[in-house]
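Shown next, in structure tokens, is the structure this report addresses.
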Amino acid sequence: MIVEEIMKREIHTLLPENTVRDAVRLMREEKIRHVPIVSLDNIVVGIITDHDLKNALPSCLREEPNSIIYDAPIEEIMVKNPIVGHPLDFVEEVATIFYDAKISCLPIVSAGKLVGIVTTTDLLYTYIELTGAHQPGSKIDIRVNNQPGMLFEISKVFQENKANVVSVLVYPDGDNTNSRIVSVRLQVINPLHIIEDLRKQGYDVLWPNLPGVSL
């Protein structure tokens, strides 16, 4: 999946000469937490977040609605030359950037112009969609040997049980470097017969592991 599939294209922006008051008003009215700062020709020159505003503005415990900071230009507190992405970047690469750089949004630029924005909320929603966690179904975690063909062999069990696979994730086994954990989400409400077939074929089903239930 690439960034242009998940980015927001309707973007609220401000100019560097807009005031802090303008940023506060825009975020409140539009219920947003990130505002790209652009030049007149739509080139990204900065970014302002609700966190930046909280750090710059007087404490809400003090009555200072007319503090001069409200009339200061955005360019005085914005993050200058922010990290940007491209519409054809892979979503997983963008997630890595978010984690490494500890940022919460990424302006998306094409041909030097702002065309979209991606936030942590967008990434989280994409993860939910990719895993199928928002759909009714069952999740089965299986420990398998780290060797070619294991995913194909497991899929035979699902096919025999006419179970539709919604998503598959494979991640390292924290207890054994020679094995992997395959996490499969199925469009099946009761997976007990599938778990039984998996165990009959020698697979180590880690979840669901139901106390008092022998499969």
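The values are calculated or read from the model by the stated rules, or taken from the named source; none is laboratory data. Please read all numbers here as calculations on a predicted model, not as lab measurements. Here Cβ is always computed from backbone atoms with ideal geometry, including for glycine, and neighbour counts include all displayed protein chains. Only protein heavy atoms, including side chains, enter the accessible area calculation; ligands, DNA and RNA are left aside. Shrake-Rupley method; radii C 1.70, N 1.55, O 1.52, S 1.80 Å.
Among the residues of the stretch 44-67, is any modelled with pLDDT of 95 or more, more than 24 Å from the chain's Cα centre (by Cα) and under 21 Å from Arg9 (Cα atoms)? Scanning the stretch 44-67 turns up at least one residue that is modelled with pLDDT of 95 or more, more than 24 Å from the chain's Cα centre (by Cα) and under 21 Å from Arg9 (Cα atoms). Ala23 passes every criterion in (1) without any contact (Cβ under 8 Å) to a residue 40 or more places away in the chain; (2) over 24 Å from the mean Cα position of the chain (by Cα) apart from (1).
Residues are listed down the side, and each one gets a yes or a no for (1) over 28 Å from Glu92 (Cα atoms); (2) open to solvent by 60 Å² or more (accessible area, probe 1.4 Å):
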site	(1), (2)
Val144	no, no
Glu160	yes, yes
Gly174	no, yes
Thr177	no, yes
Val182	no, no
Asn190	yes, yes
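Only residues that are surrounded by fewer than 16 Cβ atoms within 10 Å (Cβ to Cβ) and under 21 Å from Val94 (Cα atoms): list them for the stretch 14-44, please. Of everything in the stretch 14-44, just one residue is surrounded by fewer than 16 Cβ atoms within 10 Å (Cβ to Cβ) and under 21 Å from Val94 (Cα atoms), namely Ile43.
Just checking, does the stretch 80-101 include any residue being of a type in the set (S, T, N, Q), at pLDDT 95 or above and either surrounded by fewer than 16 Cβ atoms within 10 Å (Cβ to Cβ) or in contact with a Leu (Cβ under 7 Å, 6 or more places away or on another chain) (or both)? Among the residues of the stretch 80-101, at least one is of a type in the set (S, T, N, Q), at pLDDT 95 or above and either surrounded by fewer than 16 Cβ atoms within 10 Å (Cβ to Cβ) or in contact with a Leu (Cβ under 7 Å, 6 or more places away or on another chain) (or both), which makes the answer yes. I'd like to know if the stretch 55-73 contains one or more residues that are within 30 Å of Thr131 (Cβ to Cβ), surrounded by 14 or more Cβ atoms within 10 Å (Cβ to Cβ) and in contact with a Pro (Cβ under 8 Å, 6 or more places away or on another chain). No, because not a single residue in the stretch 55-73 is within 30 Å of Thr131 (Cβ to Cβ), surrounded by 14 or more Cβ atoms within 10 Å (Cβ to Cβ) and in contact with a Pro (Cβ under 8 Å, 6 or more places away or on another chain). Pairs linking a residue in the stretch 109-136 that is within 21 Å of Ile189 (Cα to Cα) and in contact (Cβ under 8 Å) with a residue 60 or more places away in the chain to a residue that is surrounded by fewer than 17 Cβ atoms within 10 Å (Cβ to Cβ) and not acidic (Asp, Glu), with Cβ atoms under 7 Å and 6 or more positions apart or on different chains, are Leu130/Ser167. For the stretch 124-158, a residue qualifies if it is over 22 Å from the mean Cα position of the chain (by Cα) and in a loop (DSSP other than H, G, I, E, B), and the qualifying residues are Asn146, Gln147, Pro148, Gly149. The requirement of being touching a residue at least 12 places away in the same chain (Cβ under 8 Å) and in contact with a Phe, Trp or Tyr (Cβ under 9 Å, 6 or more places away or on another chain) is fulfilled nowhere in the stretch 167-175; no residue meets it.
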